[in-house]
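Trainee: Pasting a structure here, questions to come.
The values are calculated or read from the model by the stated rules, or taken from the named source; none is laboratory data. Please read these numbers as outputs of a predicted model, since none were measured by experiment. Cβ placement follows ideal geometry from the backbone for every residue including glycine, while neighbour counts extend to all protein chains displayed. Surface accessibility is based on the protein's heavy atoms, side chains included, excluding ligands, DNA and RNA. Shrake-Rupley method; radii C 1.70, N 1.55, O 1.52, S 1.80 Å.
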Amino acid sequence: MTIPAFGLGTFRLKDDIVIASVKNALELGYRAVDTAQIYGNEVEVGQAIEESGIPRSELFLTTKIWIENLSKEKLIPSLQESLKKLRTDYVDLTLIHWPSPADNIPVEEFMQALLEAKKQGLTRNIGISNFTIPLMEKAIAAIGAENIATNQIELSPYLQNRKVVDWAKEKGIHITSYMTLAYGKALKDDIIVGIAEKHSATPAQVILAWAMGEGYAVIPSSTKRENLASNLLACDLVLDDEDKKAIATLECNDRLVSPEGLAPEWD
C-alpha cells in the first residue's frame, strides 16, 4: 500500500477543535488522517471518523507510538489501546514517533515489536519518524527496508533535509513531511508569495505542491474549513523548474522541532 500524498495532521488539536477539523476535512474529501498517542486526541479522532459515516476501508489512518511505550512488553498493548480509542480494529500505518532517548530501548527491540504488531494485523504498514541516517541504518538492519513504509521528518522550504531525503530514497524509504509550512513562517516569504501570485495560488498551496512534487507526503493541519479546502487544492498545482529552483535557494537548515532530551543528534 502506498502512503497517500495528502492527509490531515492533528498535532496540537484537542477536544471539539480536533473533532470539527477531522469532520470538516472528511466532508471536503480528505481520506488520510495522522494522529499520535502523545497528541492526546485519539479518542476524538476516532469519534469524528465514526460520526462521519465514511467506511473505514476508504480511510488511511496513522498513529505513532510514544517513547514510553517502545519496549517489547509495552508496544503492542499500547497500540491495542490506541485502536480502542480510535474505534477501529487496525490502523493503516503505525510509526515510531521518536527514537528512544539515549538509546534506552534499542532500535532493534522496538522495530521488531512493531513488525510483530503488523504480523498480528493491528497495523497494515509500519514506519519511523524523526530518524537520522544512523538510526535508519539500525532500523533497516533490524527489520529490512522493505518493511519501513515511511520516515516522517520535519521538512520545509527552510529545512529541506536533502542528505536524509537522498539517503532514504536510495534505500527505497518514502518520506512524509511534517511542519511543511514552517509554523506559517514560510507563508510570508517573498519568494513563496511571488510564486503564489504567478500561479494565482495561495502560499500554502505553493509549499504543499512543492513538497508533493518532490515525492513527499504532506499532512497539514487547520482548524478552519476554508483553509482545509484551500490546502486540498495544492494537489492540482504543478510548479515549474523555475519555481523549484527558487524554492531550493530558501534552504537555511532552520529546524523548528528539536525537543531537548528527545531529539537525536541530527544529520
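Trainee: For K224 paired with K244, estimate the spin-label separation in nm (one decimal), with each label point 7 Å from Cα along the Cα-to-Cβ line.
Mentor: My value for the distance between the label points is 3.1 nm.
Trainee: Shifting gears a bit: Just check the chain against the gyration tensor rule for me: Cα atoms, a ≥ b ≥ c as the square roots of the eigenvalues, rounded for a/c under 1.5, and otherwise prolate or oblate depending on whether a/b exceeds b/c. Present the calculation step by step, with values, prior to reporting the outcome.
Mentor: Numbers: a/c = 1.89, a/b = 1.23, b/c = 1.54.
Here the chain falls in the oblate category.
Trainee: Suppose all protein chains stay in the model; what accessible area per residue would a 1.4 Å probe give for the chain, in Å²?
Mentor: Working: 11830 Å² over 267 residues.
Roughly 44 Å² per residue, with all protein chains present.
Trainee: Then there's this: Could I have the simple spin-label model distance between E50 and K163, label points 7 Å from Cα toward Cβ, reported in nm to one decimal?
Mentor: 4.6 nm
Trainee: If R0 is 22 Å, what FRET efficiency do you get for Q80 and S57 from their C-beta distance, rounded to 0.05?
Mentor: On the way: r = 21 Å, r/R0 = 0.94.
So, using R0 = 22 Å, E works out to roughly 0.60.
Trainee: Using a 7 Å offset from the Cα along the Cα-to-Cβ direction at both I133 and A263, what is the distance between the two label points in nm, to one decimal?
Mentor: 1.9 nm
Trainee: Specify the inter-centroid distance of the range 172-211 and the range 1-64, based on alpha-carbon positions, in whole Å.
Mentor: Cα centroid to Cα centroid, the span is 22 Å.
Trainee: If you add up the charges near I126, with Lys and Arg at +1 and Asp and Glu at -1, over every other residue whose beta carbon is less than 12 angstrom from its beta carbon, what do you get?
Mentor: Details: positive: K64, K118, K119, R124; negative: D92, E116, E146.
In short, +1.
Trainee: Now for a different question. In nm, what is the difference between 0.36 nm times the number of residues separating N147 and I191 and their Cα-Cα distance? Walk me through the intermediate numbers first.
Mentor: On the way: separation 44, 0.36 × 44 = 15.84 nm, distance 3.83 nm.
Full extension from N147 to I191 adds 12.0 nm.
Trainee: Considering only DSSP states other than H, G, I, E and B, which GluC sites (Glu not before Pro) in the range 28-76 qualify as loop sites with at most 14 other Cβ atoms within 10 Å?
Mentor: Values: sites: E42, E44, E50, E51, E58, E68, E73; in loops: E73.
Hits after loop and neighbour filter: E73.
Trainee: Would you mind calculating the gained length between R31 and D236 on full extension (0.36 nm times residue separation, minus the Cα-Cα distance), in nm to one decimal?
Mentor: Details: separation 205, 0.36 × 205 = 73.80 nm, distance 1.62 nm.
Result: 72.2 nm gained on full extension.
Trainee: Want the number for Q120 to D89: 0.36 nm per residue separation, take away the alpha-carbon distance, what's left? Could the numbers behind the result be given before it?
Mentor: On the way: separation 31, 0.36 × 31 = 11.16 nm, distance 1.11 nm.
Additional length available on full extension: 10.1 nm.
Trainee: Next question. In a shell of Cβ-Cβ distance under 11 Å around L256, excluding L256 itself, what net charge do Lys and Arg (+1) and Asp and Glu (-1) give?
Mentor: Values: positive: K185, R255; negative: E154, D254.
Residues near L256 contribute 0 overall.
Trainee: So, counting K/R as plus one and D/E as minus one, what does the shell of residues with Cβ under 9 Å around Y90 add up to? Don't jump to the answer; show the numbers that get you there.
Mentor: Numbers: positive: R56, R124; negative: D89, D92.
For residues surrounding Y90, the net value is 0.
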